[in-house]
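Handing you a structure now.
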Amino acid sequence: MTASSGDGRPGRPLRAKPLRARRPVVDPPPPASDARRPQAIAVADDTPAPDTNEPTAAEIGDAVIFARGLTKRYGTFTAVDNLDLAIRPGEVFGLLGPNGAGKTTTVLMLLGLSEPTEGFARVVGLDPAREPIAVKRRVGYLPDAVGFYGGMTGRDNLRYTARLNGLPRPLAESRIDELLSDVRLTDAADRHVETYSRGMRQRLGIADALVKDPTVLILDEPTIAIDPAGVDEILALLRRLVAEHNLTILLSSHILGQVQSICDRVGFFSAGRIVAQGRLEELRKLAGGGAIAFEVGADGDPAAIEGVLRGVPGVSDVAREPGDRPRWVVHAHHDIAAALTGALSAAGHSIDHLRRRGEDLLEIYRNLVPEERDGRVG
Amino acid sequence: MAASADRPGGLRSWLDRVAPARRTEPRFEPGWRVIAAKEVGDHVTSVRFLVLLVVIGIAAAVPLYFASARIRELASQITSNQSVFLALFTLGPEDFGFLRADTFVGLFAPLLGIAFGFDSVNVERSEGTLPRLVSQPIHRDDVINGKFAAGLAVITLVLVAMVLLVSGFGIIRLGFVPDLSEVLRLGAWVLLTVLYVSFWLAFATLLSVALRRAASSALIGFGVWVLTVLLGSLFLLQLLANVVAPIPAQAFTEEDVNAQIRAAQTQSFIKRLSPHTLYTEASRVLLIPIDPVSSGSFTPATIEEAIQAQDPRRYLASRLSIEQSLLLVWPQVVGLVALTTVMFAAAYVVFMRQEIRA
């Protein structure tokens with residue numbers, strides 16, 4: 001039974017749609033996914049209520065990861081609330097927010113490991129709730145606090161993943177060798193993972209996520225519990241991988257400063273909602289309301305310095321910061337750093353501190369999410 | 001969809017035909033088999049496996065050592081072409097009748113199931129490998145199916161090794177050679193034992209799914225074993241049966257007799273709720289063929305009759321045919337299958353409903 005079989009409109013093209021689906025006469029084209037269920041089957045079983053709100057191909061566009069109204073509730077607690085997301089091919093998107101904001105839940109829904117309560121997700125054009133296997137075939141995932149089988153070598157752990165992905169053995173071996181050298185674990189590859197350091201495990205985790213040669217990489221807290229040098233190394237590795245493998249990356253983090261250098265776009269997550277998303281510059285503007293603030297510190301008589309600062313053209317306000325060393329916050333409408341230094345040195349004060357505020361994500365985040373001032377985001 | 005690229009393969013291909021929506025891409029090896037292969041490798045190389053092999057070996061060898069004198073004596077009485085091969089498994093020393101291989105297996109084989117199942121899922125959780133595992137292109141149930149299959153394979157390996165060890169001892173040291181019916185009986189007994197142990201494996205898997213800590217899972221599994229198998233077979237089940245359905249001591253009228261019979265039936269039902277009872281009953285019928293001739297023209301109709309008619313002195317006469325024995329143990333086998341299925345289904349459902357994140 002199709003919509004056109006009994007409605008007495010012979011001119012209408014035959015479409016396999018359930019009768020209940022009252023859609024506009026001009027149907028948008030179906031999503032560009034080849035692996036969707038055959039429509040005849042969708043008609044045959046009536047159980048899944050036809051959802052007229054499914055995202056259309058036009059809506060999804062070329063987004064590799066797409067979500068609309070994605071919601072996850074556990075009882076009365078809403079872990080993810082009405083999430084909208086669209087990540088384009090080749091983009092590095094940072095999902096930023098404190099622990100418990102719903103980042104991992106979002107990631108699990110995108111992987112089909114958790115059913116959304118409401119809303120839609122499309123990953124590489126597929127619905128993860130309906131076709132988790134096909135999605136998981138194309139998406140590499142580095143879980144939060146990734147674990148390995150300690151009694152097996154690093155190489156054997158990767159081999160296991162390769163087998164689970166059905167890779168033929170010769171291909172798997174060459175790819176594993178390549179990835180191990182990419183993450184600089186070739187020397188440690190045949191040691192048991194239980195002897196690995198946290199950073200080594202994390203790098204092995206990245207190699208593990210890449211074994212299936214994914215088009216999308218989802219990294220949950222890739223820099224957690226790693227020392228600063230290790231973080232730099234992992235970020236450098238990711239940067240190189242993005243360039244080499246042409247990957248789309250979604251990464252989540254609660255340490256904003258660590259990942260801002262590699263994110264093309266970021267979304268700030270708070271209590272299950274994305275409170276702001278966009279490119280860094282856009283967010284800076286959004287957070288600062290168009291104004292710019294400088295932190296200034298200089299030697300000399302505080303009153304005199306304040307006078308000099310107020311005299312610089314373009315300055316809208318000067319405020320003295322509390323603290324043992326004299327510091328001022330200078331508000332302006334455009335970048336006046338050069339004018340500030342010029343005026344101060346002309347007046348004979350040597351500058352010991354000058355910093356533009358709102359440069360890093362932490363400050364942007366604090367401006368956008370005022371209730372998160374308890375330091376958890378730092 | 002490239003359906004032609006799919007290899008035909010038992011349950012999976014049947015499932016694909018029944019529920020084609022499940023399959024989205026051709027796969028070359030089902031996920032549960034990959035997981036099972038890895039788990040078997042882990043088990044076989046583990047210290048746990050070696051320890052259990054030694055323990056089971058000792059458990060089989062000790063009764064054998066004590067019983068060999070009695071078996072020789074029994075063998076010397078053979079007049080016809082009857083063999084006493086199965087007595088290797090069913091005879092213990094005169095003073096400690098319970099010290100025989102089949103009783104030992106009934107008591108201690110559950111530990112095999114618990115040992116290979118109690119940490120199957122919770123360790124994946126605590127080590128953080130579960131999210132990585134289920135994010136591979138496999139179904140979530142592949143994890144629990146693969147682990148159960150691996151446990152079953154290893155348990156079968158251990159039991160077969162033990163039976164071969166004892167048989168080898170009998171053949172080489174005592175000179176007994178089994179005939180076909182004895183081989184069949186032994187094979188059926190091994191299958192029955194695997195089924196019995198798989199109940200405990202399913203139970204341990206349920207514990208490993210439901211309890212986050214492997215230590216508590218092991219402790220509870222061990223406690224339940226002590227309670228139902230050790231204490232249960234000693235007195236606990238009988239005590240429970242006596243409390244629930246006391247058998248009237250005296251019978252004067254026909255109604256009294258009927259009441260006695262009803263109470264006795266209730267009692268045996270209660271005892272059979274324990275897989276150990278089911279296993280012991282079926283095990284004895286399979287391993288000790290009774291002698292219909294010396295019991296008159298009597299052919300046992302129920303398993304109780306068969307067990308009550310057993311007497312080591314009757315070994316030498318003709319015996320119940322293997323078909324009849326299998327027929328007698330059928331209800332017990334079905335009971336064990338049902339209990340195992342319920343246990344595994346519980347583990348399966350709980351696992352599928354759990355959130356992946358720890």
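Bear in mind these aren't lab numbers, they're just calculated from the coordinates by the rules spelled out. Fair warning: this is a prediction, and the values are worked out from it, not measured in the lab. Note that each Cβ is placed from the backbone with ideal geometry, even for glycine, and that neighbours are counted across all protein chains shown.
So what are the ³J(HN,Hα) numbers for the stretch B:157-167, from phi and the Karplus equation (6.51, -1.76, 1.60; θ = phi - 60°), rounded to whole Hz, Gly and Pro as x?
Karplus-based 3J(HN,Hα) across the stretch B:157-167 equals 4, 5, 5, 5, 4, 5, 5, 5, 4, 5, 4 Hz.
Give me A:Val193, B:Val285 sorted ascending by neighbouring Cβ count inside 10 Å, so fewest comes first.
A:Val193, B:Val285
Quick one: what are the phi-derived ³J(HN,Hα) couplings along the stretch A:187-194, Karplus 6.51/-1.76/1.60 with θ = phi - 60°, whole Hz, x for glycine and proline?
5, 8, 4, 9, 9, 5, 5, 5
Which of A:Asp81, A:Asp127, A:Asp324 comes first, and how do the rest follow, when ranked by fewest Cβ neighbours within 10 Å?
A:Asp324, A:Asp81, A:Asp127
Follow-up. Compute log10 of I(q)/I(0) for the stretch A:145-219 with the Debye formula, placing one identical point scatterer on every Cα and leaving out solvent, at q = 0.22, 0.25 Å⁻¹, to two decimals.
Log10 I(q)/I(0), no solvent term: -0.94, -1.22.
Under the rule of at least 5 residues apart or a separate chain, name every residue whose amide H is placed under 5 Å from the amide H of A:Ile274.
A:Asp84
Can I ask one more? How big is Rg to Rh over the stretch B:30-353, alpha-carbon atoms, Rh as the Kirkwood inverse-mean-distance radius?
1.01
Under 5 Å between amide H atoms, partner at least 5 residues away or on a different chain: which partners does A:Leu219 have, H built in plane at 1.01 Å?
The answer is A:Leu142, A:Leu250, A:Leu251, A:Ser252.
Whole-Å semi-axes of the stretch A:92-279's equivalent ellipsoid, largest first, each the root of 5 times a Cα gyration tensor eigenvalue?
The equivalent ellipsoid of the stretch A:92-279 has semi-axes of 26, 20, 15 Å.
Using just the Cα positions, wrap the stretch A:272-322 in a convex hull and report its mean projected area in square nanometres, one decimal place.
5.6
Taking the Cα centroid of the stretch B:244-283 and of the stretch A:271-322, what is the distance between the two, rounded to the nearest whole Å?
Computed from Cα coordinates, the inter-centre distance equals 88 Å.
Listing B:Lys38, A:Lys285, A:Lys103 from the residue with the fewest other Cβ atoms within 10 Å to the one with the most, what is the order?
Ranked by crowding around the Cβ, least crowded first: A:Lys285, B:Lys38, A:Lys103.
For the stretch A:289-368, taking Cα atoms only, what is the radius of gyration to one decimal and the Dmax to the nearest whole Å?
Values for the stretch A:289-368 (Cα only, Rg and Dmax): 12.3, 38 Å.
Rg to Rh for the stretch A:199-331: what is it, with Cα atoms only and Rh by Kirkwood?
For the stretch A:199-331, the value is 1.14.
Okay, moving on. Express in whole angstrom the spacing between the alpha-carbon centres of the stretch A:139-205 and the stretch B:206-223.
Using only Cα atoms, the two centres lie 30 Å from each other.
Check which residues have an amide H placed less than 5 Å from A:Thr117's amide H, if you skip close sequence neighbours.
Excluding prolines and chain starts, which carry no amide H, the hits are A:Thr71, A:Lys72, A:Arg73.
Using θ = phi - 60° and the Karplus curve 6.51 cos²θ - 1.76 cosθ + 1.60, what whole-Hz ³J(HN,Hα) does each residue of the stretch B:99-112 get, with Gly and Pro shown as x?
7, 10, 4, 5, 5, 4, 5, x, 7, 9, 4, x, 4, 4
A further question follows. Per-residue mean of other chain beta-carbon atoms within 10 angstrom of the beta-carbon, peptide A:147-158?
Per residue, the average neighbour count from other chains is 3.
Pull out a ≥ b ≥ c, the square roots of the eigenvalues of the alpha-carbon gyration tensor of the stretch B:167-216, then state rounded if a/c is under 1.5, prolate if not and a/b is larger than b/c, and oblate in the remaining case.
It is oblate, given that a/c is not under 1.5 and a/b is not larger than b/c.
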